[in-house]
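Worksheet for the structure shown next.
What follows draws every value from the coordinates through simple rules; no lab data is involved. Quantities reported herein were computed from a predicted structural model and do not represent experimental measurements. Neighbour counts are summed over all protein chains in view; Cβ atoms, including those assigned to glycine, are modelled from backbone coordinates with ideal geometry.
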Amino acid sequence: MPWTRRHLLTIEELSLAEIEQIHATAVAFKSTLTRSVKKVPALRGKTIVNLFLEPSTRTRLAFDMAAKRLSADVISLDGSSSSTTKGETLRDTAQNLQALQADMIVIRHAAAGSPLYLSRILNIPVINAGDGAHEHPTQGLLDTFTMKERLGCLRGRKVVILGDILFSRVARSNIHALTKMGAAVTLVGPSTLVPQWFTAMGVRVSHDLRGALADAEVVMLLRIQHERQAAGLFPSIGEYTSMFGLNKTRASWLNPKAIIMHPGPINRGVEIDSELADGDRSVILQQVTNGIAVRMAVLYLCAGGQPENVTPAPATETSRPAGAE
């Protein structure tokens with residue numbers, strides 16, 4: 001079916017078919033990342049603004065690189081250099097960017113619902129790069145893309161998400177994506193950070209780390225979201241690590257073929273030991289690379305491209321996905 005969405009705001013609103021369309025498009029674009037000439041002219045002449053009003057490393061750089069790989073012009077704006085520091089509203093900032101002839105806005109904001117709000121007042125596509133503790137859709141898409149590369153079909157696969165679920169937008173986007181794709185998801189962590197009401201999202205909640213890890217095929221670690229939570233949800237970082245940090249002993253409880261994931265930033269020695277983060281079972285850096293291809297797919301589709309028009313292009317300066325404009 002043709003791609004019809006102008007915005008990417010949440011995974012919750014995507015159908016399974018749309019998730020698969022993004023993944024299929026990302027496969028084609030990923031084939032360009034290892035060429036000597038990595039650019040395709042799919043978005044030549046377009047201007048994409050990365051409006052990041054919260055700190056970011058991987059997501060911001062991946063969106064920047066993805067847009068440039070598609071030959072778009074890129075402008076990056078953060079909170080410290082924008083007029084929001086002078087009291088300008090998000091609405092005024094965004095409308096000024098549109099008046100400056102931006103063709104698309106990628107936004108990260110501390111307030112949940114900010115991308116949805118902009119999508120209702122602007123006439124250009126809006127891409128959610130993380131809104132508060134709500135969603136981080138491209139992270140969920142790249143995580144599931146990485147799982148599919150390693151495991152194939154995710155239906156029936158057992159995925160454990162371990163850590164601060166309550167305040168994690170990454171967890172929510174992954175839950176939506178994984179349940180749509182048929183995976184069996186278990187959330188693990190302290191009861192204060194993994195409340196039982198998450199079961200309403202179609203997942204299992206457990207506070208028994210050893211039992212949850214025993215049959216997991218994927219374990220995804222999440223950092224403690226200090227910037228979003230109130231004090232007192234667990235006694236100390238040291239106690240969290242002693243009970244739920246993934247170390248060599250706890251990794252021995254895993255299936256030998258299980259993969260280890262982390263969306264970053266990693267707090268080494270807290271949620272995961274360095275030996276595991278850098279080990280053979282870790283796909284953390286593959287997640288980062290796949291983030292470029294997945295975001296290329298999202299930018300291309302939301303700019304009006306169609307999945308069936310993207311084919312791996314030959315490594316020449318003038319090559320382009322068939323039909324891409």
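Summary of values
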{"item": "Label zone at Asp73, where the point sits 7 Å out along the Cα-to-Cβ direction: the stretch 29-43 residues whose backbone N lies under 15 Å", "result": "43"}
{"item": "Cα-Cα pairs of the stretch 137-286 separated by more than 19 Å (percent)", "result": "47 percent"}
{"item": "Percent of beta bridges antiparallel (DSSP, the chain, rounded to nearest 5)", "result": "5 percent"}
{"item": "Ranking of Leu254, Leu151 by count of other Cβ atoms within 10 Å, fewest first", "result": "Leu151, Leu254"}
{"item": "Relative exposure of Asp64, Asp143, Asp215, judged by other C-beta atoms within 10 Å (fewest first)", "result": "Asp215, Asp64, Asp143"}
{"item": "For the stretch 137-286, size of Cβ-based charge dipole, Lys and Arg +1, Asp and Glu -1, in debye", "result": "460 debye"}
{"item": "Flagged links, alpha-carbon separation over 31 Å, of Lys68/Lys248; Lys148/Lys248; Lys46/Lys180; Lys158/Lys248; Lys38/Lys86", "result": "Lys68/Lys248; Lys46/Lys180; Lys38/Lys86"}
{"item": "Kirkwood estimate for the chain, i.e. one over the average of 1/r between Cα atoms, Å", "result": "20.3 Å"}
{"item": "Proxy reagent accessibility, fewest Cβ within 10 Å first, across Cys302, Cys153", "result": "Cys153, Cys302"}
{"item": "Euclidean distance of C-alpha centroids, the stretch 37-70 and the stretch 152-210, integer Å", "result": "30 Å"}
{"item": "Positive minus negative residues near Ser56 (Lys, Arg vs Asp, Glu; Cβ under 11 Å)", "result": "0"}
{"item": "Helix 137-151 vs. the chain, principal-axis angle (Cα, 0 to 90°, nearest 10)", "result": "70 degrees"}
